[in-house]
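Here's the structure, in C-alpha cells; my notes come after.
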Amino acid sequence: MSKKIYDVIIVGGGPAGLAAAVGAKKAGAENVLIVERDISLGGILEQCIHPGFGLKTFGEELTGPEYARRYIKEVLDLGVEYKLGTMVLEVGDHSVTGVNQKDGLFVAEGKSIILAMGCRERTRGAIMTPGTRPAGVYTAGAAQRLINRQNMMVGKKVVILGSGDIGMIMARRMTLEGAKVLAVAEIMDYTAGLTRNRVQCLEDFGIPLLLSHTIVEIKGNKRVEGVVIAEVDPATKKPIEGTEKLYECDTLLLSCGLIPENELSKAAEIKLNRITSGPEVNQFMQTNKPYVFACGNVVHVNDLADNVSEESERAGKYAALYAAGKLTQGKEIPTVPGTNVRYICPQRVCPEEPATLFFRAAAPQKNVTVKVLADDKEIFSKKLIKINPGEMEKVEVKPEQIAGAAAITINVI
Amino acid sequence: MKKTDIVIIGAGAVGSALARELSKYKLDVTVVEKNEDLGGDSSKSNSAIIHTGYDAKPGTLESQLVVAANPMYDKITEELDIPFKRIGALLPAFTQEQFEQLPALKHKAMMNRVYDVEYRTGEQLLKMEPNLNPEVKGGLYIPRESIIDPFLLCIGLAENAADNGVHFLLGTKCTGIKVEEGAVTTVQTTAGDIETKYVINAAGLYCDEVAGYVGKNDYYVTPRKGQFYILDKNTTCKVGMIILPIPTKVTKGKLMCPTMHGNMLVGPTAEDMLDKTDKSTNAEGLASIATDVRKMIPNVNLRDTITQYSGLRAQRNPEGLNIDVYDDLKGYVNISGVRSTGLTGSVAIAKYVVDLMIEGGMHAEFKTDFNPIRHGTPRFAEMTNEERATLIAKDPRYGNVICRCETVTEGQICDAIHRTLGARSVDGVKRRLRAGMGRCQGGFCGPRVIEILARELGITPEEVRKNDPGSEMLTGKGR
C-alpha cells in the first residue's frame, strides 16, 4: 500500500469534484488528488450529451461533455493529480482507501477531504411497482449511459415513469434514436423537472405527459410486454380503481428521483440531513467533521450543473484554506426551512461570512414572496411569479444582516 | 443418441444435491434442466432458511429427511464454500391463544426428534431480540434454524457435481419418457433423446407433468405463491435471528430474518395460484406482509425496501413429501411434495434416493477420486485489505470494482463466467456474485455487466440476456 499526504483529496471527478479541484488549486493548495471510479473524468456529464450546460458559468450553451472539458482542461493545466477506474472503499481519518487495477489497494492521506460522489437513481424496487420482473426495466440514467456511452438502445417502445429531468431528456433521446415513447407518467400533479425540459423534450416531440398518473403493474414474462397506467387521487396519490389502462411496450424507464450516494459518508459518521439525504454543511461546504467537505449532488440534488460548479469551487477553496490552517471556525447558526420550504442548503451558517442559501419549495405556488428572516426580523424579501419544487432558488445573506441572530428562516408565502 | 446411466430431471436444490451425491459413484449422470441456469424455480425464490424440521408432521418422510438434513449443512457448506450461518430462530407468542399453543409445538418438536428446542420467557425473548413486540408472552427458541445463500447452495452442489463428471444440459426440457417392458429406456428432451437406465424426477413445480409421462401422476401440483420484501442493509429496524410466526396448516407463515449478506427478508405470503409461470408481485400480497409482520416486529420499516420478489411453492395434492419407486416401472424414481422444506431436505433426499436405488439393485461403485471440495469465486467484499491486495496482485481485474453497492469486481465476474457451469446472463452473474442485488439494483453495474458478459462470452451486447431466451437486455445499436 502506498501513502502520500495531499492537501485536498476529492472523492469523485464529476462536475462537483472537478470544480472543487479548480477551487482548491486557485486557493493555493499544492497537492490535490481526484479519485474517480469511471474510465474518464467528467462524471455524469459524460453521458449528458444534450445541450443546456454553461449558460450561467460561460455564457454559452454547451453539452455535458463540452462543459466537463472546460473544467478538465483547467484541472490538467493546474496540475491536479487524478486516478481513474478507482473505487473509494472507505473515507477514514484524514484518509481515503481506494482500489484500482494499477495501484491495487491504497490509502491516500489528506489534510482535507471533499465528498463529491453524486447520486444514484430511485429504483423500481424502492417504489414497489407490482408485477413481473422482466428484462427491459431500467432507470433513465442507466439507459442514458447505455445509449450515450455504449451506443446500445434499451428498447423500441418505451413508457417513462416520472417527469424528472432525466426522464424527460431520455424521452427525447430515445425518440431521436428511433424508439417510440408512448407516454411519461408522473404521480404528482406538476412536472418534477425543469419547465424547459417539459417544453423541449415532451411538448416539442408530442410525447404525452400524464400528470397524476402512475404505473400500477409491469407485465411481461421474459421481457417487458406492457405496463398498466392508472390515474391517482391528487390528494392521497393512491391509484383510482377503474382508470387502469394497458400500454403495450417493451421498455419501462424510471425517473423517480435521485438519491445522494452517501454510503461512504454514513460509514465515516458524517451527519446527514434527513430531508436532503446528504451531509449537513455550512456555507464553506464543511460537514460535521472539520476536515471533510462536500459538494454537488451528494449534498443535495441540483438542477443545474452551473450551480454545482459554483458551490463546488467554494468547497474546494475552503478545503484548501482548511488544509493550510487558514479556515477559522466560528459559532454557527442553523438555517430553518419555513413555510412552503422543503429544505435549505447550507444547513448551518457562520455569521462572520456571507452565505448563499439554496432552497427548494415544498409545493408549487404562484405569485409568492420569499422572505428571509434573522430570528424575527425580515432582512430580505423578493417576489416571484411562481415557485416550483423542481427548480432550486437562492438568496444571499450578508454578515451585517445576520450578526447576533440565533437562526435564519426562509418562508415562501 | 446420448447414453447415460442416470437422468436427473431438474437442477433445483434436489436435482443438484442428487447430482453431487451420484457423482461420488462410478456412474454416468446427466441432469436435464429446462431453465438456462441452475437453481430451478422454487429453489431460487424462497426464504433461504435451513430448517430443523421442528414443526414438520411427525412420523412423515418429510420429518425424517429434514431432521436428518439439518446437521449435514456444516460440512457440506464448508466443503462447497457456501455461505451458511446457524443464527437460530425464535417462535414468539403474542396472544394468549398463541401462548397456549406452545406446549403442543414443543412436544411436536420432540416427536420430530428436534430435542434442542427450548422455552423462553417474554423477557428472555426481548433480550435476545429487542425489536420484538414488547407484548410477547413467551415462546420457543430453535437454535439450529439457519440461513444460507440459496443460489450458491444449488450452484455449489451442481458445480461440484460437474467437476466430478456429471453432465448438465441446461435450457433443455424433458418432453417425454419412453418405457419398454416395464422399464424406463429413454428420456426425450428438446435437445434430443437420451438413452438411460434410471430417471429421477426432481422437477419440483412440474414433477406432476413429468410423472404423467410414465403414468405415475396420481397427484397434481399447484403453485402456491410467496411474495417477499428485501430491506436495505441499513434499514432502521433489524433482527439478528429468524423470527417465526406460529405456523398454520397452510403455510409456515410470514417471518422476518436476516439474509447471509446483511439484508432483511420479510414474508412470504401464501397464495394458491393456477399459473405455474406467474411469479408477479401484487400490492395486496405485499400489504398483507406488512400487517402480519408488524404484529411481531412493530417497527419493521418496509419503506426501506430495495426490492420485492415472488416464488412459487410446489404444492402437492394430496399433500406430503413422497419418494416413490415402483415394482411395475423399473428405473424410475418419483420425488413429489417437496415444499417449504425443499431447500433444507435436498441433501438428505439425495442420500435417501441413492440408498433406495442401491437397495433396488442399482450397481454403484464408489469413486476413490471424488473431490468433495469446491472453491467459490473469491468474495472481495468480505476480504481484508491485505487479502484484497494479494488478490489484485495476482489478477488486476480484481482491482476494478464493477458493482459499487456490493463491492463486486471485474475479476469476480470473469471468474463466475468462465468456471464450470458459469454465468451466462445478467441474472447468472447476479446470483453467483450479488452484482445487481444492492440498493441501486443494477443501475450502476448493469451497463458494465452487460459489456463484460458480451466480451467474455464472445457475443454481441444485443445477445446478452437477463436470464432465459426472450429476456434480451438490449434491442440494438444506436442509429
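The values are calculated or read from the model by the stated rules, or taken from the named source; none is laboratory data. As the structure is a computational prediction, the values presented were derived from the model and not from experiment. Using ideal geometry, Cβ is built from the backbone for each residue, glycine included, and neighbour counts are taken over all protein chains shown.
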message = I'd like to know if the range B:342-353 contains one or more residues that are surrounded by fewer than 19 Cβ atoms within 10 Å (Cβ to Cβ) and without any contact (Cβ under 8 Å) to a residue 40 or more places away in the chain.
response = no
Residue within the range A:102-113 that is more than 13 Å from chain B (Cβ to nearest Cβ) and assigned to a loop (DSSP other than H, G, I, E, B) present = no
remark   = Note on B:Arg434: of the conditions (1) away from chain A (no Cβ under 11 Å); (2) on the phi < 0 side of the Ramachandran plot; (3) touching a residue at least 60 places away in the same chain (Cβ under 8 Å), unmet is (2)
task = Residues being more than 9 Å from chain A (Cβ to nearest Cβ) and either over 18 Å from B:Leu453 (Cβ atoms) or out of contact with any Cys (no Cβ under 6 Å at 6 or more places or on another chain) (or both): count how many of those fall in the range B:396-406.
result = 1
query = Just to be sure, is B:Gly40 in contact with a helix residue (DSSP H, G or I) (Cβ under 9 Å, 6 or more places away or on another chain), under 28 Å from B:Ile323 (Cβ atoms) and surrounded by 24 or more Cβ atoms within 10 Å (Cβ to Cβ)?
reply = yes
message = Being part of a helix (DSSP H, G or I), of a type outside the set (Asp, Glu) and at the interface with chain A (Cβ under 7 Å from one of its Cβ atoms) is the filter here; which residues of the range B:441-479 pass it?
response = B:Gly446, B:Pro447, B:Pro461
message = Every residue in the range B:345-378 that is under 24 Å from B:Leu80 (Cβ atoms), in contact with a strand residue (DSSP E or B) (Cβ under 7 Å, 6 or more places away or on another chain) and part of a loop (DSSP other than H, G, I, E, B), please.
response = B:Ala364, B:Glu365, B:Lys367
ask   = Checking B:Thr248 against (1) within 30 Å of B:Ala104 (Cα to Cα); (2) crowded, with 20+ Cβ neighbours inside 10 Å, which test does it fail?
value = (2)
ask   = Which condition number in (1) outside any loop (DSSP other than H, G, I, E, B); (2) in contact with a helix residue (DSSP H, G or I) (Cβ under 8 Å, 6 or more places away or on another chain) is the one that A:Glu203 fails?
value = (2)
remark   = Checking B:Gly337, B:Gly361 in turn, the sole residue that is more than 21 Å from B:Pro268 (Cα to Cα), more than 14 Å from chain A (Cβ to nearest Cβ) and of a type outside the set (A, V, I, L, M) turns out to be B:Gly361
query = Is there any pair linking a residue in the range B:257-283 that is within 22 Å of A:Lys222 (Cβ to Cβ) and more than 13 Å from chain A (Cβ to nearest Cβ) to one that is among the basic types (Lys, Arg) and in a strand (DSSP E or B), with Cβ under 6 Å and at least six apart or on different chains, and which?
reply = B:Met273/B:Lys225
ask   = Pick from the range B:171-209 the residues that are in a strand (DSSP E or B) and of a type in the set (D, E, K, R): which of them is farthest from the chain's Cα centre (by Cα)?
value = B:Glu180
ask   = Does B:Ala381 count as part of a helix (DSSP H, G or I), of a type in the set (A, V, I, L, M), within 13 Å of another protein chain (Cβ to nearest Cβ) and within 26 Å of A:Glu261 (Cα to Cα)?
value = yes
task = Kindly list the number of the only condition in (1) modelled with pLDDT under 95; (2) farther than 30 Å from B:Met383 by Cα that fails for B:Ser310.
result = (1)
request  = Scan the range A:342-379 for residues that are surrounded by 15 or more Cβ atoms within 10 Å (Cβ to Cβ) and more than 26 Å from A:Pro279 (Cβ to Cβ) and jot them down.
outcome  = A:Pro364, A:Gln365, A:Val368, A:Lys371, A:Ile379
